[in-house]
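Trainee: Could you have a look at this structure, given as structure tokens, before my questions?
The values are calculated or read from the model by the stated rules, or taken from the named source; none is laboratory data. This one's a predicted model, so the numbers in the text were calculated from it and none came from an experiment. Quick reminder, even Gly has a Cβ in these numbers, built from the backbone with ideal geometry, and neighbours come from all protein chains shown. Remember, those area values only see protein heavy atoms, side chains included, never the ligands or the DNA or RNA. Shrake-Rupley method; radii C 1.70, N 1.55, O 1.52, S 1.80 Å.
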Amino acid sequence: MKIVRVEAIPFSIPYLKPLKFASGEVHAADHVLVRVHTDDGIVGVAEAPPRPFTYGETQQGIVAVIENVFAAQIVGLTLLQREVAHQRMSRTVGNPTAKSAIDMAIWDALGQTLGQSVSDLLGGYTDRMRVSHMLGFEEPQKMVAEAERMRSTYGITTFKVKVGRHPVSLDTAVVRALREHFGAEAELYVDGNRGWSPAESAAAMREMADLDLLFAEELCPADDVLGRRWLVAQTTVPSIADESATTPAEVTREILGGSATAVSIKTARTGFTVSQRVHHLAEGLGIEAVIGNQIDGQLGTACAVTFAAAYRLTSRRAGELSNFLDMSDDLLAEPLQIRDGHLRVPSGPGLGVAIDPDKLARYRTDGRAWSTTGPRGAEKTKRQEKHHDL
């Protein structure tokens, strides 16, 4: 069970359409595949999705910090020394998704080694999750049409609506149109990605007071602690801390300080090890915890549903598990399937997923040949195809 190698492989898969929200816009999933190899021939995998406009990480930076810093700290440890791995990586400031991907790949390798599902190792509460779908900036009619397509095709009836534009009526009109279209059949909540001021946020929430919103997430700047505390006092809608609560310490500050009343857990940001701590803290504080999404691909989504389904608290609400539907392709050999509004935890040891070698060869952007051996695939070598040939 000793770790002998850590890989960071950049890849790029175009989105079917640009994803737009208050903190930025993305046109392709420029992510990093992380692989942890053991001396038993096991290969654990995870996905690191950089968000430079949120956490300051870039694809190139994730690859560099893993190859030049974290790999040397991890190689030689056993899969059981996850706390040692966490402590060593914590000495480096920032880089949350790079650290988290390594952590989750270690858990995947451990599950494979033991012949157990990671979700069962974490808690094993259920085998599926209700799915929430994110709706990005568009005209009301187009957003309603997308939501209706998600309901009719996948059975999804919970929608997270991106807000934060100016004037606020651009977004309140969208939420109202969604409520008028779906009535009480849909759960709706809003996410501002820090796009509004506290005063604008309060005005928007007053405009939407009759729309029965489930949550309001990070409407104003994450560093405006007093403004968010004031905003929480203006509304009865539970306020989710996301970018303002990326660590257990920040969760404690936000909740006890009155700047939020719920928390978003993103495994892409806190892996499995730190996400456990956030979950337990939320449970102890008696607050709701929802499963967020960092625009993960299918591998990242498999990690999210694996964690979410492991606990009663995180499985109570629909999780943000559908962003991969906006991608033109993916790396998994067996694609995830959303049916009747639910996503099942992949079956099998570890994360229960496998990387398709041909797709990895096609979408990787480092120009390197590759090979992999072990229980997840036969050895194979290919040259990367040029991106413009996709």
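Trainee: Going by the structure shown, is Arg149 assigned to a helix (DSSP H, G or I), surrounded by fewer than 23 Cβ atoms within 10 Å (Cβ to Cβ) and at pLDDT 95 or above?
Mentor: yes
Trainee: Separate question: List the pairs whose first member sits in segment 328-355 and is free of Cβ contacts under 8 Å to residues at least 40 places away in the same chain, whose second member is among the aromatic types (Phe, Trp, Tyr), and whose Cβ atoms are under 7 Å apart, counting only residues at least 6 apart or on separate chains?
Mentor: Leu336/Phe324
Trainee: Within segment 1-45, count every residue that is within 16 Å of Gly350 (Cβ to Cβ) and hydroxyl-bearing (Ser, Thr, Tyr).
Mentor: Of the residues in that region, 1 qualify.
Trainee: While we're on this one: Thr158: touching a His at 6+ places or on another chain (Cβ under 9 Å) and hydroxyl-bearing (Ser, Thr, Tyr), yes or no?
Mentor: For Thr158, the condition - touching a His at 6+ places or on another chain (Cβ under 9 Å) and hydroxyl-bearing (Ser, Thr, Tyr) - is met.
Trainee: Follow-up question, since we're still on this one. Residue under question is Leu114, and the condition is that it be of a type in the set (A, V, I, L, M) and open to solvent by less than 20 Å² (accessible area, probe 1.4 Å); does it hold?
Mentor: no
Trainee: Among residues belonging to segment 74-111 that are among the small types (Gly, Ala, Ser) and within 18 Å of the chain's Cα centre (by Cα), point out the one that is surrounded by the fewest Cβ atoms within 10 Å (Cβ to Cβ).
Mentor: Looking at residues that are among the small types (Gly, Ala, Ser) and within 18 Å of the chain's Cα centre (by Cα), I get Gly94.
Trainee: Can you pull out every residue in segment 128-144 that is open to solvent by 70 Å² or more (accessible area, probe 1.4 Å) and either under 13 Å from Glu320 (Cβ atoms) or assigned to a helix (DSSP H, G or I) (or both)?
Mentor: Within segment 128-144, Arg130, Gln141, Lys142 qualify.
Trainee: Name the single residue, out of those in segment 187-231 being within 18 Å of Thr252 (Cα to Cα) and of a type in the set (Asp, Glu), that is surrounded by the fewest Cβ atoms within 10 Å (Cβ to Cβ).
Mentor: Taking the candidates together, the pick is Asp223.
Trainee: So the check is Cβ under 6 Å with 6+ separation or different chains; which pairs have a first residue in segment 197-216 that's aromatic (Phe, Trp, Tyr) and a second one that's crowded, with 16+ Cβ neighbours inside 10 Å and not in a loop (DSSP other than H, G, I, E, B)?
Mentor: Note: pairs meeting the criteria are Phe215/Tyr189; Phe215/Ile240.
Trainee: Cβ contacts < 7 Å: first residue farther than 20 Å from Thr97 by Cβ, restricted to segment 39-55; second residue surrounded by fewer than 24 Cβ atoms within 10 Å (Cβ to Cβ), any location; separation 6+ or different chain. Result?
Mentor: The qualifying pairs are Asp39/Lys2; Asp39/Val4; Asp40/Met1; Asp40/Thr113; Gly41/Thr373; Gly41/Gly374; Ile42/Thr113; Ile42/Gly374.
Trainee: Go through segment 337-348 and count every residue that is in a loop (DSSP other than H, G, I, E, B) and surrounded by fewer than 19 Cβ atoms within 10 Å (Cβ to Cβ).
Mentor: Final tally of qualifying residues: 4.
Trainee: Out of all the residues in segment 272-291, is one or more among the acidic types (Asp, Glu) and within 24 Å of Lys20 (Cα to Cα)?
Mentor: Residues of segment 272-291 that are among the acidic types (Asp, Glu), as a first pass: 283, 288.
Next cut, within 24 Å of Lys20 (Cα to Cα) only: none.
For segment 272-291, residues among the acidic types (Asp, Glu) and within 24 Å of Lys20 (Cα to Cα): absent.
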